[in-house]
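What follows is one structure encoded as structure tokens, with my remarks underneath.
Every number here is computed from the coordinates shown, using simple stated rules; none is lab data. Small disclaimer: the values here were computed from a predicted structure and weren't measured. Cβ placement follows ideal geometry from the backbone for every residue including glycine, while neighbour counts extend to all protein chains displayed.
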Amino acid sequence: MENVDLLFFGAHPDDVELSASGTIVKSVADGLRVGMIDLTSGEMGTRGTPQTRKREAQASARILGATFREQLDFGDGALRTGREEELILVDVIRRCRPKLVFTPYPDDRHPDHTRAGRLVTEASFYAGLKALETGLPAHRPQTTIYYLQNYMFPPSFVVDVTKAWKKKMRSIAAFKSQFHDPKSKEPQTFISDPKFLEMIEARGKHFGALIGVEYGEAFVTKQPPRVDDLIGAYGGREV
Ligand SMILES: [Zn+2]
């Protein structure tokens, strides 16, 4: 782990890829440093072993151009959110000193996503408390940004990821054990159905259409982003 501009958290390996990896590719292309943290290794998944998924996650991070990717062990399927886990995240944030933190929206179909969103939000705040001494200097990110998974909420902003889309889909395909593979003999799951990747594609097009581009990724923030160029912000769209 080292200093990065943006730090992306997922409850499970592939969470970030499905919802926000186009933004990673775009940010890396823009010269930003991006780190990735999986709170679990996805050990409760129906397909693939934790070892396979670890290899797949590293392969995906290389495709995206992430500076690093780390996996923590907070418990897939029963994500722990106690003080111990909170303090681990406080130190992760203090070590990486991100300007922005990305995490699942803290209300989702999978309870691990909900818990991850809340835990990361709270740890990001606590990381800035000087009186909370952990041996590392305090650091508070500018804000926590939520990516959308199963439940949809009105986006606060949409990132144009048109140029990043191919790499995003390649990073998802790196999780060979999880998604559609006609040769796989493992049991079929919700996400290994070919329709799932079609849905990701459709969602990217839908969010893109909202801002007048081919592909987009949508995010929610509790506080709105500042807009410096109003005309540019609505470029490419007509009422
Ligand atoms: Zn997940």
Computed about the Cα centre, the charge dipole of the chain from +1 Lys/Arg and -1 Asp/Glu charges at the Cβ has a magnitude in debye, to the nearest 20, of 400
HN-Hα couplings for segment 177-186 via Karplus (6.51, -1.76, 1.60; θ = phi - 60°), in whole Hz with x for Gly/Pro, come out as 6, 9, 10, 4, 9, x, 8, 5, 9, 6
Karplus-derived 3J(HN,Hα) from phi for segment 189-195 (6.51 cos²θ - 1.76 cosθ + 1.60, θ = phi - 60°), whole Hz, x at Gly and Pro, runs 10, 3, 8, 8, 5, x, 4
Applied in sequence order to segment 62-74, the curve 6.51 cos²θ - 1.76 cosθ + 1.60 (Karplus, θ = phi - 60°) yields integer Hz couplings, x standing for Gly and Pro, of 5, 4, 6, x, 5, 5, 7, 9, 10, 10, 9, 10, 8
Quick calc, segment 151-239, dipole around Cα centre from Cβ unit charges on Lys, Arg (+) and Asp, Glu (-), nearest 20 debye, gives 340
The chain, Gaussian network, Cα under 10 Å: of G128, G31, G208, the residue fluctuating most is G31
For G10, other-chain or 5+-apart residues with amide H closer than 5 Å (H placed, Pro excluded) are I37, D38, L39
Taking Cα pairs closer than 8 Å and at least 6 residues apart, the relative contact order of the chain in percent is 22
Of the listed pairs K167/K222; K163/K195; K99/K195, those with alpha carbons more than 27 Å apart are K167/K222; K99/K195
P(r) over all Cα-Cα pairs of the chain, 5 Å bins from 0 to the longest distance, whole percent per bin, short to long, reads 1, 7, 14, 18, 21, 17, 11, 6, 3, 1, 0, 0
For the pair D228 and K99, the simple spin-label estimate (label points 7 Å beyond Cα toward Cβ) gives in nm 1.0
In whole µm²/s, the translational diffusion coefficient that Stokes-Einstein assigns to segment 190-239, given a Kirkwood hydrodynamic radius over C-alpha pairs, 20 °C and 1.002 mPa s, equals 167
